[in-house]
Each structure stands twice: as C-alpha cells, then as structure tokens.
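These notes are about the structure you will find just below.
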Protein chains: 2
Amino acid sequence: MSKKDGFYPDWLNKEAAPKGSYREIFKWGSPTEFKVPKRSLYEIMKKMFQMTDDDFKEPKEIGYEKVDFDMPIKLTEKQIASLKEIVGEKNVRTDPYARLSVAYGKTMHDLMRLRKKIIENIPDAVLYPESKEQIEKIVKYITEEKIPLYVYGGGSSVTRGVECMKGGISLDMRLNFNKVIKFNEINQTITVEAGMSGPDLEKHLNNAVEEFGAKMKYTCGHFPQSFEYSSVGGWTVTRGAGQNSTYYGKIEDIVLGQEYATPIGNISTDDYPRKATGPDINHIMMGSEGTFGVLTHVTLRFFKYTADNRVKYSYIFKNWADAQAAAREIMQGEFGMPSVFRVSDPEETELMLRLYGVDEIPFVNPFLKKLGYKSFNIEDSMKGKESDGKCMFLGWSEGEKHFAKNQARQIRKICRSYKAMPLGSIPVDGWEKGRFKDPYLRDSMQDFGIMTDTLECTVNWDNMQHVYETVRAYCKSRPNTVCTTHMSHAYPQGANLYFIFIAKMTELDDYLSYHRGILDHIQQSGAAISHHHGVGKMFAPWLEGFIGTKEIGIFKTLKDYFDKDYLMNPGGTIGLDLKEEEKVFKRPKH
Amino acid sequence: MSKKDGFYPDWLNKEAAPKGSYREIFKWGSPTEFKVPKRSLYEIMKKMFQMTDDDFKEPKEIGYEKVDFDMPIKLTEKQIASLKEIVGEKNVRTDPYARLSVAYGKTMHDLMRLRKKIIENIPDAVLYPESKEQIEKIVKYITEEKIPLYVYGGGSSVTRGVECMKGGISLDMRLNFNKVIKFNEINQTITVEAGMSGPDLEKHLNNAVEEFGAKMKYTCGHFPQSFEYSSVGGWTVTRGAGQNSTYYGKIEDIVLGQEYATPIGNISTDDYPRKATGPDINHIMMGSEGTFGVLTHVTLRFFKYTADNRVKYSYIFKNWADAQAAAREIMQGEFGMPSVFRVSDPEETELMLRLYGVDEIPFVNPFLKKLGYKSFNIEDSMKGKESDGKCMFLGWSEGEKHFAKNQARQIRKICRSYKAMPLGSIPVDGWEKGRFKDPYLRDSMQDFGIMTDTLECTVNWDNMQHVYETVRAYCKSRPNTVCTTHMSHAYPQGANLYFIFIAKMTELDDYLSYHRGILDHIQQSGAAISHHHGVGKMFAPWLEGFIGTKEIGIFKTLKDYFDKDYLMNPGGTIGLDLKEEEKVFKRPKH
C-alpha cells in the first residue's frame, strides 16, 4: 500500500483460521478462500456507515480462540455406547468442537453468537451416519429412549433450522452420507443420500458419461447462493430455490421422491411425475424441516446440460416501476422461462454497477444521463432520504439453442418497449463470477463491525410495490443502513423479493430487534414470510399469523402422527412447539 | 338408407329423452346432441364384437321410463326445514328425480345401474347453495346434526366420487354456485365459485376484454374430455388434468388458492406462486375429494389466449417402440412443452385413421406400405392374437408465436430421426373436432349392448412398455374386446397411459370383474393407479396397496382433524373408511 492511497484495512485474508477455533466454525466456506472489499468500495463504506479509518484498524471478535467450553452431556454412557453400536465408534463424537460445529447455521444471529462465544443449544453428541439403514436404527433408538434428534446438512440455514434447542443428538450428514444410490438416464432421475452437497451432485451429473456410461452430460439445475455448502436434504426439507429456479423450478418442482426415517417407521413417496391418488405426500414432507422425520434418500429430476446454449443479457431501466412492469410482462410472455432472472432496485443497482465493472464501460454513464436516467444517491439515502434511480435487470436463457435465442429476443423486445438500455453480458459475467462468493465478503466486513444479512419473501405482482415500500421504509428508518432489494425467482403470478441489509451493528439485541422489525413488516404488508429460506425456529413466531390457526393445526396433526413425543427437531421449528406468548400475530389471517 | 347399403341401426338420435326419465340422467351432455357410429364403423363393429344386424334392431335398457322409486327419506322434517332456512325453500329438493340425478357419476358402473334402474346410495335431499356463506352454514349444521354430506360438481366422475353411500344430503353446485368472485389481470388469476363449469370459466376468460375491461383475451388452459360437463371444483379436488396439460400443467399446477368449509371451520390457502412456509396446504387439500370439507372458492392462474399461434402436427411412426422413444426425446428436449401431445398405440391408430379421415388422404397408405409400415390387424387382435403396427402421434404447440414454431421444428427433427412420416394437421383437426364428443358415441353404442370405458395411470418412461404389455395382455385375454391405448399428459420423467376398452357387455358383474382385473394389473405392473381421474370409491380398495399403509395413515390423520365424525363424502372415498377385507393388496408397498 502506498502512502498516497491512504489507509486500507489489514483484512484477515492471509491464512486459514487456527485449527479448532471458533472462526473455523463460523467462517463461510473454504478455510483458505476470502473476499474483501476493494479499495473503492472501502472508501464508499466509510461514508455510508459513517466510519473512519480508525474503525478498520483492529478486527474484532474474530474467533481465533480454540473452542472450549464445559457443557455437561446429558446422554448416559449406555446411550452413547448404543449409538456407537449403530454407526460405529469413529462416527460418534462428543468433544466440544464437534458439538459446537453443528449447533448453529449461518444467519447473523448465529455468527454473532459464535463470535461472542455464546454457547447455547448444543447437542450432546454428534453422529456421522453412513447409510439409510443406520439412520433408521438411530431414529428407532432415540424414539425408544426419548432423545431429541437434529440434522445438520450443509449448515447454511439462515432460520436457525439446525439448532439443537433441546440438546440430544445431531446427525452431521456431510461426512459419510453422500453417495449416489441410483442414476436413471431413461427417466432423467437420480437418487442420492440426503447429505450430498450441491457441488457433488452437479459433478456426478456433469460427469455422467464417464461415471455412469450415460449418453450425455447433465445438470441438477439447482444453484442457491449457498450452493457450495448446502446439501440436497437441506434443499428439500426447507423448500429451497436455486438462482436458476425461474427455468428449472424450485426444489419442490425438482424432487420426485423422498424417503424418511420417522418415529413411526419409514415413509416413502414414489417418483411419478404427477398422479391423482389423494393429497400429495411429497408436498406434506417437503417443508417439514426435519420435524416429521429424517430425510434419507431423495430422487431428483435432472436436466440436459445446456450451458453452451446460454444467452446472457442485461438492461438498465429508467426506474423501478418500469423494471417491475417489464419483469411481469416477460414472466407472462408464454415463451418459456429464463434461467437467471434478477432485477435490482436503484440502491442495489448503484452498488452492482460498481461491483461488476459496468462503471468501467466508458460510454454507459454519459449515455444514461443523456436519456434522463438518474443515479441513486446512496449518501442521501443513508441519511434516510428516499432516492429514485435506474434499475438493472440481468439474466440468461438456456435450454435448446433456438428456444434460448428466441426467449432472449422476446425479452429484448419487451425491454426496448420500456426504453431500457441493453448492456450486454458484462454485468452478467460479473455477477456469475461472484455468485457463490458474497458470503466470504460478509465475514471480512463483520471483522470490522459491519453486519450483513438478508430476508426474502414471495409477493404477487399486484402487491409488489407495497411490500417493497413498506419493508424498505422500515429498513431505512434506521440511519446509515444499506438496504438493497432485488427480484429473483419469478413467476407469471409474482416473484421473490430479496432484501439485503448492511449496517454497522455488533450487538445481538440490536440485530434481533431489527430482524424482527423487518419480518413484522414483511408479514404485515401481505407477503409470504419466506419464499425459499424456510421457517426454522427464527421465523416460526410469524407462521401462525401468516397461514392461519386452523391451518397450522394441520401441521400439528401431522406432527402428532409422525412424532408424538416431539423428538424430531424440537424447540419451535415451523411453529410446532411454540408457546402462545412466543407467537407474533401482526397480521392474523382469520 | 338404400337397400344396397344393407341394414343400419335406428339410433336413438332423433330427439331428447322424455322429461324426468332415467335416460335424462345417464345420457351424456346436451339432451339434443348425439353421436352415432358412421356406417363404415358400424360394419367394423359387427365384425369386432361378433355381432349381427339382429343385435342392432332393438335398443335395450334405454331408460325412457320416468324416474320413480320409493326410498324413505331419513332426514327429519325439522332438519329439512332448517336446511331450507339456510338455502331458501326453492333450493331444497327431495323428489326422486332430483335425488337420483346427483347420486351417480359417469363410469360404466353408474350407467349400467341407471339403465337397469338399480337405485342405491342416493341422498335424502339435494341442496342448491348460492354462496360460500350458505355452504359454510350447511357444513356447520350437518356437523351438529351428524348428517352425511356429498358434493355434486359436474357429475362426470368415473370413480364413484360423488356417490352418496350413506344417504344424507348432496350439494348440487351446478345451478347457483358458479359466479366469478375476482378477476385479477395483473397477477393473471381468477377466483370463482367451485361449481363453475369449464365452458363458463373459459367464456369469462375469452371475453375478459368486454366483461372485465381487460387488455386482452385469456384462456384457462384446462380442457379435460369431460370439459363441457365438468366443474372447477371437481377438477381441483380430484387433481384432474386437461388434454392440453403437457403445456398448461395439471390442475394442481394451475390452482393457486382454495377455500374449504370443513367441520372444524374454514380452511383457506393463499395464492403465492411458491413459498417455503412448511408443508403445502394446497397440496393437502387437492386430492382430498371432498373428504376434508367442501371446496367453495378456487383461485386459478390463467394464460394469454394464444390459440392463434397454434402449430398443429401429426406423424406416423413405424411401431410403438419408436413412438415411445421419440415421445421421451421430445419431452426431454428442453424446448418447452407442446400443448396437445397424444401418441396412440397400433390398435388405437388403426381406429383413429378411420375415424379422423386420414384414410381418405390418397397417398398415405401406399406410401406407408412402401416404407414397410404395417397395419394393425384388428380382427386378429380381437381373437387374442397380438399384432404390431404403425402408431400415430398428434399434437400442437402454442404460446408465443416463435416459441411455438421452434417447438414444432424441434419435434419434426426428432420425428424425422425415427423416420416417422408427417401427416400434417388433418388428423389433429379431426381429433379436435371430436375431442369433447366421444362420450355421446358411448351412449349410442350402449343402447345395443356395447360397453365402452376407460382407465388411466401414470408410468415412468423406463416402465412404460411393461405396464403397457401387462395391462393390454389382461384386457385382450377377454376375446372380442377392443383395447386401445394412448399416451397423453407427458412429462420429462414419464407420461399418462390411457386405456379404452370396448366390448359387448351388458351385465354389471361382468363389467365389475373386468374393471377390477384391469386395475389389478395396473397396480401390479408398477403404474400409479390414477393420473387424473382420482380415486373416489371405486379405486379406493387399491390405494393402500399402492401408496403404503403408513402413508395412508397420513390421510386418516388429516381426516380425523377435519372431520372426526366421517360426515364428508363418507363410504370409502380415497380409502378412508374401508374395511380391511375391502382392500386390495396386490402390490403391497411395504
């Protein structure tokens, strides 16, 4: 760093965190991968959050200490011995590091607790099962012994979905439960163990020719931002969505068959594409988030690998109203669905243009100015003043070559009718490069007290602007807070609105109260409280107000059938065992 | 009729059946619409079924008699008075005709009973509710009084779904419960009362510009063969499918929101396109077939009307194996889904070519012969000899113009790779013209003792040939029986197989034993026992063997939650109140 450039923080991006440390647990992803704000972003950040170079001199709560705590194990020695008999000696751990490593997910609530060494709700033992049969035995055993059971898939939950509120055991699925059970090229289906990670699944399908003697290369079509550290089981039980879901569908459109080990025995669904034989058990089990049983085997559709046919495009709209209207027109256009479909509001657009190098295309800014396109004034907005501005839409089409080309052509027609300016593929490439990397940036910023978190919801088109304004107004009522929004995962009837909020914030209570406020406003404004993150324990208080009391009674009835002793992911998950006073009824349905 | 042409039956196609007669109830559709076999088909029929002109001289069991029977009404006068208070004097009927008119659906079991005047399982009173509020009051009242309740939508059930096994009351939804509640052009959704008929819904959407001031014309996208006499509510609770479902989806892909009046009160779902807030209540209620409550309001997606962009095509394949392989390739082609997609086996093809005028295209037959395409020998087949032969595929693409064109082009490429011969749009036009009219033909043929019925099932691609062979072998084990099969409602993972069986058969026991045998073979061969007809009371004995004992326990648990006194569509529907000895366990799942 030359003096002329001024101070630039000494980010913790040089080496992996110490072995056995807290940071190893809370840091996102690969131990040796990092992402830090570039100098220009650092300069903006200081202005945005009213921080000075001094704030960036000493990283805080970095968790380099070795995990060490004293929390008694409530399982008896006999119980532990029995569990070892089921999964083998090496597949049971009771040391503090193993216990803490599966206790939390990746919401800011989790990260703050780990940075502050707040140790609560941890399992007594962690098991690493190797097969469906072992899991069935475990569930049978814990049912007899009345031991609470939790499941840890990829660990990327942002709803406290994996947290072991009642102690007991947690099944860490990552290590041993990730094999392909069946590859069926004729039906284009693959059956895998639920602990399989996203990249592993995609690798098997990409390499199907070599691995299974298939005729061609395939893709799973499901790429959430957490892709690299998420699991097929986690996708399924939470009803997740990938960034390409507009074409490939949400996980519930991709999963065809499931098998669960439940306290009353095995529950399995078949894998017919559709049928008319009563209520759909697949849709009863998906969304149960581990409260009915442990998902063991999953059968998923897969797709021809058509990435070579991709057509990428991006457009700048004059304002958010135009961008929303065009998005709806595209979704209702009857020319098939684009794969990536992402429309950013003015605040996000302003940051994205800087992040993805669009600023560096020389002709863009003067041209946009000439067209009367305004920039979003971030500094004004940080002071609470609302600011209009241009909006970026980026996407790509894939599938059969001419299908993709025609789609891109129809989208161009619609964008042009709104006088949107085409920016080509550069911003898309920029976004694609970073699509799985943003969580690394979050850790680097939090080392200096900057909190980043997200909430998302489904809205119908006719209510989108209202939800957007309501939630955003609340977010921005806190000064010096970034709140960017984009629309993704779109449908003919609506879309997902995704809010990212960034602020200088280090206290857990501050975070929780802000997070609650946002969820309140999401619920009150008439959006679905989650499109793909799920409910877990964190959103559960809002669920009954959202779906209705008699409707949540359906979940409780099912719970009583599968797990009358409340041993499966207990402690509030999907609102099943919440006390009345824990519920939020801001928008009671009935 | 000239003498030279020989005898030709005197079909009952001149006038409507007498007012108040049995025939009025069992005859399909409009009282003054008829369809009779043309002379050439009549000649073939005689050969196929080994019948003579004599068999066609006197129509039998034609049901011209006035409905008249004496079945005591079990409701008290006080109860009837209370029901009249809810829906109004004029909307309660207890006369024999009204009671019988909603007792049966349209499976052959129903038609034979009505022709033979077998009166069983009829309601004590028929109500014609006018609003959701009235239905809610009815459900509340019958719950207090423990009166069984049934619902009659369009009456086209082929599963004994509407049959009033326990007497009580039946709600006939056709008369008064068919209004539009809300038209939302922005979200492309419409909310209607559940008794609305298919044509009414389509008319509202086609006329949206005039009726709702909409910007354009829309379509519902859902056209089952029973379209003209089916209801939105019936589609929804049975998980029906339309003939264009390959593009528009099954009803569960179209319905977004539902409201039910249940014994525990109202249950309603929202209408977000997707969400992640626990198990999907829409999918719990769809398929419940009236056993959890009465469906009142339904919110459905609708679609741009793109019929003007239709591209129609048909091809003849050398054999069934080629046709299946090409169908799968099309479904997995990633160029969007065709709207109509129908592939007929050799036996059906042979009949269709005659029915749809393809025989009259002069060059076709010689050309096919030159290519080595065999004809299916129906006469041999009727004697039980299996026969290979050419297969017809017909379909159309719609949606945005270039999307549809490209799809047709890709389909042509695939068909050509199998050396299929293109036949253009003539057979498609022929099929389209008759698509809702075949049930009329069924009545005409039954007047002379010829029974026509259908069964259908979902198969995955890798099991299609096995299911086809197994079911067909059983069907053809009965001599002189037509069994035609087509594949429709296709998906990347499989398709619906639809079996039509036609035979000289007038005895109820013969029919029931044959029908059971076919269902046995569907279940044993590994197909889903229904793709879109539902389960009702007729398929219920096979359900537990198909989905599993613990899985059917899920349905029972839900039933106990909604309707612990078993008042809603009781008597076996979806297997909820079957005795052990009534169940068929041919292929027990666990």
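The values are calculated or read from the model by the stated rules, or taken from the named source; none is laboratory data. Fair warning: this is a prediction, and the values are worked out from it, not measured in the lab. FYI the Cβ positions are ideal-geometry reconstructions off the backbone, even for glycines, and counts take in every protein chain you see. Just so you know, the surface numbers come from the protein's heavy atoms only, side chains and all, with ligands and any DNA or RNA stripped out. Shrake-Rupley method; radii C 1.70, N 1.55, O 1.52, S 1.80 Å.
Just to be sure, is A:Tyr248 aromatic (Phe, Trp, Tyr), buried (at least 22 other Cβ atoms within 10 Å of the Cβ) and within 11 Å of chain B (Cβ to nearest Cβ)?
yes
Is there a residue being open to solvent by less than 10 Å² (accessible area, probe 1.4 Å), at pLDDT 95 or above and away from chain A (no Cβ under 14 Å) anywhere in the stretch B:359-374?
No.
Give the residues of the stretch B:4-22 that are free of Cβ contacts under 8 Å to residues at least 60 places away in the same chain and either more than 24 Å from B:Gly105 (Cα to Cα) or open to solvent by less than 60 Å² (accessible area, probe 1.4 Å) (or both), sorted by residue number.
Those that are free of Cβ contacts under 8 Å to residues at least 60 places away in the same chain and either more than 24 Å from B:Gly105 (Cα to Cα) or open to solvent by less than 60 Å² (accessible area, probe 1.4 Å) (or both): B:Lys4, B:Asp5, B:Gly6, B:Phe7, B:Tyr8, B:Asp10, B:Lys14, B:Ala16, B:Ala17, B:Pro18, B:Ser21.
Can we say A:Gly242 is part of a loop (DSSP other than H, G, I, E, B), open to solvent by 10 Å² or more (accessible area, probe 1.4 Å), in contact (Cβ under 8 Å) with a residue 12 or more places away in the chain and more than 10 Å from every other protein chain (Cβ to nearest Cβ)?
For A:Gly242, the condition - part of a loop (DSSP other than H, G, I, E, B), open to solvent by 10 Å² or more (accessible area, probe 1.4 Å), in contact (Cβ under 8 Å) with a residue 12 or more places away in the chain and more than 10 Å from every other protein chain (Cβ to nearest Cβ) - is not met.
Could you check how many residues of the stretch A:375-416 are among the hydroxyl-bearing types (Ser, Thr, Tyr), out of contact with any Leu (no Cβ under 9 Å at 6 or more places or on another chain) and either free of Cβ contacts under 8 Å to residues at least 24 places away in the same chain or open to solvent by 10 Å² or more (accessible area, probe 1.4 Å) (or both)?
So the answer is 1.
(1) closer than 20 Å to B:Thr458 by Cβ; (2) at pLDDT below 95; (3) away from chain A (no Cβ under 11 Å): which one isn't true of B:Lys589, the others all being true?
Just one mismatch for B:Lys589, condition (3).
Could you list, in sequence order, the residues of the stretch B:268-285 that are of a type in the set (A, V, I, L, M, F, W, C) and facing chain A (nearest Cβ under 7 Å)?
Within the stretch B:268-285, B:Ala276, B:Ile281, B:Ile284 meet the criteria.
Read through the list (1) within 28 Å of A:Tyr561 (Cα to Cα); (2) in contact with a Lys or Arg (Cβ under 9 Å, 6 or more places away or on another chain), then give the number of the only condition that A:Glu145 fails.
In the conditions (1) within 28 Å of A:Tyr561 (Cα to Cα); (2) in contact with a Lys or Arg (Cβ under 9 Å, 6 or more places away or on another chain), A:Glu145 misses (2) alone.
Tell me which residues, restricted to the stretch A:491-500, are more than 14 Å from chain B (Cβ to nearest Cβ) and open to solvent by less than 30 Å² (accessible area, probe 1.4 Å).
Listed by number, the list holds a single entry, A:Phe499.
Let's see how each residue does on (1) buried (at least 19 other Cβ atoms within 10 Å of the Cβ); (2) among the hydrophobic types (A, V, I, L, M, F, W, C); (3) within 15 Å of A:Tyr150 (Cβ to Cβ):
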{"site": "A:Phe539", "(1), (2), (3)": "yes, yes, no"}
{"site": "A:Gly545", "(1), (2), (3)": "yes, no, no"}
{"site": "A:Thr557", "(1), (2), (3)": "no, no, no"}
{"site": "A:Phe562", "(1), (2), (3)": "yes, yes, no"}
{"site": "A:Thr573", "(1), (2), (3)": "yes, no, yes"}
{"site": "A:Glu581", "(1), (2), (3)": "no, no, no"}
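Starting from the stretch A:317-342, take each residue that is under 23 Å from A:Ala307 (Cα atoms) and within 11 Å of chain B (Cβ to nearest Cβ) and list its partners that are in a helix (DSSP H, G or I) and open to solvent by 30 Å² or more (accessible area, probe 1.4 Å), counting only C-beta distances under 6 angstrom and pairs at least six apart or across chains.
Once the first residue is under 23 Å from A:Ala307 (Cα atoms) and within 11 Å of chain B (Cβ to nearest Cβ) and sits in the stretch A:317-342, its partners that are in a helix (DSSP H, G or I) and open to solvent by 30 Å² or more (accessible area, probe 1.4 Å) give A:Met337/A:Tyr247; A:Ser339/A:Tyr247.
Scanning the stretch B:405-463 for residues that are of a type in the set (Asp, Glu) and within 14 Å of another protein chain (Cβ to nearest Cβ), which turns out nearest to B:Leu353 (Cα to Cα)?
Per the stated criteria, the residue is B:Glu456.
Of the residues that sit in the stretch A:229-239 and are within 12 Å of chain B (Cβ to nearest Cβ) and polar (S, T, N, Q), which one is surrounded by the most Cβ atoms within 10 Å (Cβ to Cβ)?
This residue is A:Thr238.
From the set of residues in the stretch A:465-490 that are within 14 Å of another protein chain (Cβ to nearest Cβ) and surrounded by 22 or more Cβ atoms within 10 Å (Cβ to Cβ), which is modelled with the lowest pLDDT?
Per the criteria, the residue is A:Ser488.
Given the conditions (1) open to solvent by 10 Å² or more (accessible area, probe 1.4 Å); (2) assigned to a strand (DSSP E or B), report the number of the one that A:Gln225 does not fulfil.
Status for A:Gln225: all satisfied but (2).
Which condition number does B:Lys537 fail, the rest of (1) of a type in the set (D, E, K, R); (2) modelled with pLDDT of 95 or more; (3) assigned to a helix (DSSP H, G or I) being met?
Condition not satisfied by B:Lys537: (3).
Checking B:Pro129 against (1) outside any loop (DSSP other than H, G, I, E, B); (2) buried (at least 22 other Cβ atoms within 10 Å of the Cβ); (3) not hydrophobic (A, V, I, L, M, F, W, C), which test does it fail?
With respect to (1) outside any loop (DSSP other than H, G, I, E, B); (2) buried (at least 22 other Cβ atoms within 10 Å of the Cβ); (3) not hydrophobic (A, V, I, L, M, F, W, C), B:Pro129 is out only on (1).
Of everything in the stretch A:391-450, what is of a type in the set (Lys, Arg) and closer than 22 Å to B:His402 by Cβ? Give them in sequence order.
Within the stretch A:391-450, A:Lys401, A:Lys405, A:Arg409, A:Arg412, A:Lys413, A:Arg416 meet the criteria.
Quick one: would you say B:Thr549 is open to solvent by less than 20 Å² (accessible area, probe 1.4 Å) and either more than 22 Å from the chain's Cα centre (by Cα) or among the β-branched types (Val, Ile, Thr) (or both)?
no
Let's see how each residue does on (1) in a helix (DSSP H, G or I); (2) touching an Asp or Glu at 6+ places or on another chain (Cβ under 9 Å); (3) facing chain B (nearest Cβ under 9 Å); (4) not aromatic (Phe, Trp, Tyr):
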{"position": "A:Asp509", "(1), (2), (3), (4)": "yes, no, no, yes"}
{"position": "A:Gly517", "(1), (2), (3), (4)": "yes, no, no, yes"}
{"position": "A:Gly553", "(1), (2), (3), (4)": "yes, no, yes, yes"}
{"position": "A:Thr557", "(1), (2), (3), (4)": "yes, yes, yes, yes"}
{"position": "A:Tyr566", "(1), (2), (3), (4)": "no, yes, no, no"}
{"position": "A:Leu578", "(1), (2), (3), (4)": "no, yes, no, yes"}
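What's the number of the only condition in (1) more than 7 Å from chain A (Cβ to nearest Cβ); (2) assigned to a loop (DSSP other than H, G, I, E, B); (3) open to solvent by 20 Å² or more (accessible area, probe 1.4 Å) that B:Glu259 fails to meet?
Unmet for B:Glu259, out of (1) more than 7 Å from chain A (Cβ to nearest Cβ); (2) assigned to a loop (DSSP other than H, G, I, E, B); (3) open to solvent by 20 Å² or more (accessible area, probe 1.4 Å): (2).
Identify all residues within the stretch B:426-476 that are touching a Phe, Trp or Tyr at 6+ places or on another chain (Cβ under 6 Å), among the hydroxyl-bearing types (Ser, Thr, Tyr) and farther than 21 Å from B:Phe341 by Cα; write none if there are none.
B:Tyr440, B:Ser444
Out of the stretch B:388-413, which residues are assigned to a helix (DSSP H, G or I) and basic (Lys, Arg)?
B:Lys401, B:Lys405, B:Arg409, B:Arg412, B:Lys413
Please state which one of A:Ala503, A:Ala527 is open to solvent by less than 10 Å² (accessible area, probe 1.4 Å), farther than 26 Å from B:Thr189 by Cα and among the small types (Gly, Ala, Ser).
Exactly one of A:Ala503, A:Ala527 is open to solvent by less than 10 Å² (accessible area, probe 1.4 Å), farther than 26 Å from B:Thr189 by Cα and among the small types (Gly, Ala, Ser), namely A:Ala503.
Which of the strands (runs of 3 or more DSSP E) contained wholly in the stretch B:135-217 include at least 3 residues that are out of contact with any Gly (no Cβ under 9 Å at 6 or more places or on another chain) and either open to solvent by 40 Å² or more (accessible area, probe 1.4 Å) or among the polar types (S, T, N, Q) (or both)?
B:180-184
B:Ser488 passes all but one of (1) in a helix (DSSP H, G or I); (2) more than 22 Å from B:Asp443 (Cα to Cα); which number fails?
Every condition holds for B:Ser488 apart from (1).
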